[in-house]
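Read through the structure below, which is laid out as structure tokens, and then see the notes.
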Amino acid sequence: ASAPAAASSSGARSYGVVWSDADEVALLNAAAAFRVRHGRVPGLPDMGALFDAIRGSIAPHIDQPKVYYKLKRLKSKFDHAVPSAVVSRHEQRLRDLCKKVWGANFGLPAEKDAAPEEDEEDEEEERGRGNVPDAAAMLPVATEVLDAYWKTDGPALSGVSLEKGLSKLATEDARWIEAKWRRQLDAEVHSQIKRHDLAKEVYGLLLDAIKGLGP
């Protein structure tokens, strides 16, 4: 078996599915290459093309929706990472690839607010209030979906950042919200898959029809 297909215990992570180190690198390399070719970061409508580009290089149990969610998790994780923190060689490689995908300043703004919020969250956990310890990591879908709205209306309504607001949710409420958004995005991802497959089918029929025209 190839290295990407074998998720070792030392190089794997589990967020509902096991990704090996090689799988993560393959995904970010493909996303970076996509940005170079198209001038933009791959989004939901591009997942079919991105998945086709890497499906031979990642573990067979990883499907297109999982690729989409993993890309979102990696962005959320590294967007809220402290650049000066000591990390493993693999984590540093992922961080470098994330910069290629999302920009040279990727992760820098989050460093300013990271320490104070972490301290407050630790205190709340000690008091047993059961809040979400890391909203961006636990709620990657909800964070991204609400981000644009919150930047426009959130501060005026509450005066706090989206991440801090989400961190105040009870854990069960947070899981419920994330699950609802995941189901919605799952439906959208599968719709995109069907559109992609239909486009390939129509393309094949058109080629056959053109060939049938003769010289």
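Points worth noting:
- Selection within the stretch 100-113 - modelled with pLDDT of 65 or more and crowded, with 16+ Cβ neighbours inside 10 Å: 100, 101, 102
- Restricting attention to the stretch 193-213, the residues that are assigned to a helix (DSSP H, G or I) and at pLDDT below 80 add up to 1.
- Qualifying residue in the stretch 146-153 (condition: modelled with pLDDT of 55 or more, in a strand (DSSP E or B) and not charged (D, E, K, R)): no
- Candidate set from the stretch 35-81 (those that are among the hydroxyl-bearing types (Ser, Thr, Tyr) and over 16 Å from residue 196 (Cβ atoms)); member that is farthest from the chain's Cα centre (by Cα): 57
- Residue selected from the stretch 154-169 under the condition part of a helix (DSSP H, G or I) and among the polar types (S, T, N, Q), by the criterion modelled with the highest pLDDT: 167
- Verdict on residue 191 being hydroxyl-bearing (Ser, Thr, Tyr) and touching a helix residue (DSSP H, G or I) at 6+ places or on another chain (Cβ under 9 Å): no
- Looking only at the stretch 1-33, and only at residues there that are crowded, with 19+ Cβ neighbours inside 10 Å and within 22 Å of residue 186 (Cβ to Cβ), the one that is modelled with the lowest pLDDT: 19
- Cβ separations smaller than 7 Å between residues 6+ apart or across chains give no pair from the stretch 199-215 residues that are more than 15 Å from residue 52 (Cβ to Cβ) to residues that are at pLDDT below 85 and in a helix (DSSP H, G or I).
- For the stretch 72-95, a residue qualifies if it is of a type in the set (Ser, Thr, Tyr) and either within 18 Å of residue 147 (Cα to Cα) or surrounded by 19 or more Cβ atoms within 10 Å (Cβ to Cβ) (or both), and exactly one does: 76.
- A count restricted to the stretch 34-71 and to residues that are buried (at least 17 other Cβ atoms within 10 Å of the Cβ) and touching a residue at least 24 places away in the same chain (Cβ under 8 Å) stands at 16.
The values are calculated or read from the model by the stated rules, or taken from the named source; none is laboratory data. Every value quoted in this text rests on a predicted model; they were computed, and no experiment measured them. Ideal geometry is used to build each Cβ from the backbone, glycine not excepted, and the neighbour counts take in all protein chains shown.
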